[in-house]
Amino acid sequence: MTQWFLSINKGQLDAQTGNVLVATTAPTADFYLQILSTNSPTKKDTMLAMQAFRNYFLADGIPGGQRGVDIPPL
């Protein structure tokens, strides 16, 4: 099973793609995305998953949980 970790730190969130690091082991960055090859996800699958996460944050954690409880505060 292959896995990829894309990571970035809080102070690097300026849309510079060079700030995103790629590794095959868990990073120590503030944010990371882990993609497993178990179910053969494509780039499109990954983008759709990230869009679902974005929508969850925009909805303030509803309907997945209680408002604001399951996500970091602003």
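Peptide packing for 45-53, 14-22, 1-9 was compared via the average number of neighbouring C-beta atoms within 10 Å per residue; ordered from the highest value, the list is 1-9, 45-53, 14-22.
Run the helix sum for the chain: -39,500 (n - 2.57) per DSSP H stretch of 4+ residues, divided by residue count, reported at 222 nm to the nearest 500 deg cm²/dmol.
The helix-only estimate for the chain comes to -7000 deg cm²/dmol at 222 nm.
Here the chain is treated as a Stokes sphere of Kirkwood radius computed over C-alpha pairs; at 4 °C and 1.567 mPa s its diffusion coefficient rounds to 93 µm²/s.
Computed from the coordinates by the stated procedures, all read-outs in this text should not be read as laboratory data. These numbers were taken from a predicted model, which means no experiment stands behind them. Ideal geometry is used to build each Cβ from the backbone, glycine not excepted, and the neighbour counts take in all protein chains shown.
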